[in-house]
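In what follows, a single structure is set out as structure tokens and then discussed.
Read-outs: derived from the displayed coordinates by stated rules, not from any lab. Just so it is clear, the model here is predicted, and its values are computed rather than measured. Note that we place each Cβ from the backbone using ideal geometry, even for glycine, and neighbour counts take in every protein chain shown.
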Amino acid sequence: MWLTEDALKAGYQSLVHPYFEGGQIGSLLSPDGVELHYRLFLPPGASTLLVLSSGRTESVLKYQELIFELGRLGIAVAALDHRGQGFSGRLTDDPLLGYVEDFDHYAEDLHLFVNQVVLPLGFKRHWLLAHSMGGCIAALYLAAFAHPFDKVAMTSPMLSINTAPFPNWVAKSMARWQSQQDKRRGQPRYVLTTGPYQRKPFEGNGLSHSHYRYELCQDWLEAMPDARLGGPSAQWLDAAFLAMDKAVKEAGAITVPVLVLVAGEDKVVSRTGQEALVAALPKGSLQIIDGGWHELLLEEDGYRLATLERLWAFFND
């Protein structure tokens with residue numbers, strides 16, 4: 001059902017990428033004038049559609065392997081690039097600066113996408129798969145809006161951030177202070193420890209054990225510079241802290257079954273917020289992928305296969 005690294009290497013140019021390139025490209029305009037990019041992958045005879053809510057810096061490009069695998073299983077996919085990243089409209093003069101005014105804007109964009117693009121396709125069953133920042137967005141969206149989803153799964157959802165070496169309260173205070181300073185200056189800036197996009201080597205990456213999958217993602221960004229994104233602004237980080245707290249606080253309103261898959265050795269987000277979310281969900285469950293790093297859907301075969309098997313079992317239960 002799922003590709004190994006060797007199968008991906010052998011079939012990327014002949015099978016995986018052509019399927020991805022055959023997807024339907026579209027865009028819609030948010031009420032505040034941001035162009036939102038999306039792609040649809042609609043295999044003949046599919047009755048189920050999965051919506052992808054991706055993480056920070058990501059675009060639909062990153063999920064070519066998964067989209068191909070789902071297509072072979074007869075599952076349609078609709079993938080939205082969140083505002084300010086991927087191929088969607090950027091929000092500051094610096095197109096590489098990660099920025100959002102409020103995470104509610106992300107949730108409103110997802111609601112718009114589902115209502116204007118997904119529902120008119122007429123599928124019988126709808127699933128939502130959200131990764132990292134996309135998990136926080138999904139939680140906000142599900143709590144605030146009526147939706148068509150039968151099942152929701154999250155991989156490494158961002159409900160609390162690993163702020164080491166700073167305590168969480170220090171990181172929150174620093175983000176709020178810099179954000180307020182930037183607003184007074186009228187110019188958002190990168191968080192002090194980050195900067196514009198740079199290709200990062202595999203060694204010491206902390207995201208995936210898979211050398212091939214990691215480098216493939218980097219190659220896509222080299223080939224398509226418009227999809228690149230650098231570090232976050234202080235405003236994005238301040239908004240993220242507020243949104244993560246809000247997502248957990250409002251999780252009781254989410255009545256659909258939700259599976260949270262935790263990367264056992266995640267270096268990006270912390271388990272504290274994930275456990276708090278599941279505790280607040282009426283129908284939440286948490287499973288741990290022991291030893292996995294943050295990018296569970298782009299991990300080496302053992303971690304990735306465990307992730308996909310649990311997702312598939314959950315969605316089809």
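Pairwise Cα distances in segment 1-78 exceed 14 Å in 64 percent of cases. Its Cα centre serving as origin, the chain has a Cβ charge dipole (Lys and Arg +1, Asp and Glu -1) of approximately 560 debye. With the Kirkwood sum run over all distinct C-alpha pairs, segment 199-311 has a hydrodynamic radius of 15.9 Å. Would you list the membrane-span-like helices of the chain, meaning whole DSSP H runs whose alpha-carbon atoms span at least 15 Å along their axis and whose mean Kyte-Doolittle value is at least -0.5? Answer set is 103-113, 133-144, 234-249, 301-315. Dividing the mean sequence gap of close Cα pairs (under 8 Å, 6+ apart) by how many residues the chain holds gives a relative contact order of 19 percent. Rounded to whole numbers, the Karplus 3J(HN,Hα) couplings from phi for segment 80-95 are 9, 7, 5, 3, x, 8, x, 9, 7, x, 8, 10, 9, 5, 9, x Hz, using 6.51 cos²θ - 1.76 cosθ + 1.60 with θ = phi - 60°, and x at Gly and Pro.
When the trypsin sites (Lys or Arg not before Pro) in segment 24-133 are filtered for DSSP coil states and for at most 12 other beta-carbon atoms within 10 Å of their beta-carbon, the remaining sites are Lys124. For segment 5-315, the antiparallel share of DSSP beta bridges with both residues in that region comes to about 30%.
Please report the base-10 log of the normalised intensity I(q)/I(0) for the chain, using a Debye sum with one equal scatterer per alpha carbon and no solvent, at each q in 0.13 (1/Å). Debye intensities relative to I(0), on a log10 scale: -0.93. For segment 76-120 and segment 146-166, what is the separation of their C-alpha centers, rounded to whole Å? Computed from Cα coordinates, the inter-centre distance equals 16 Å. Averaging the Cα positions of each part gives two centres, and for segment 1-54 and segment 236-278 these lie 26 Å apart. Along the axis of the charge dipole computed for the chain (Cβ charges of +1 for Lys and Arg, -1 for Asp and Glu, origin at the Cα centre), the listed residues Ser270, Thr92, Trp169 are led at the positive end by Trp169.
Here the relative contact order of segment 69-138, from alpha carbon pairs under 8 Å that lie six or more residues apart, stands at 24 percent.
Pairwise alpha-carbon distances in segment 1-40 exceed 17 Å for 51% of all pairs.
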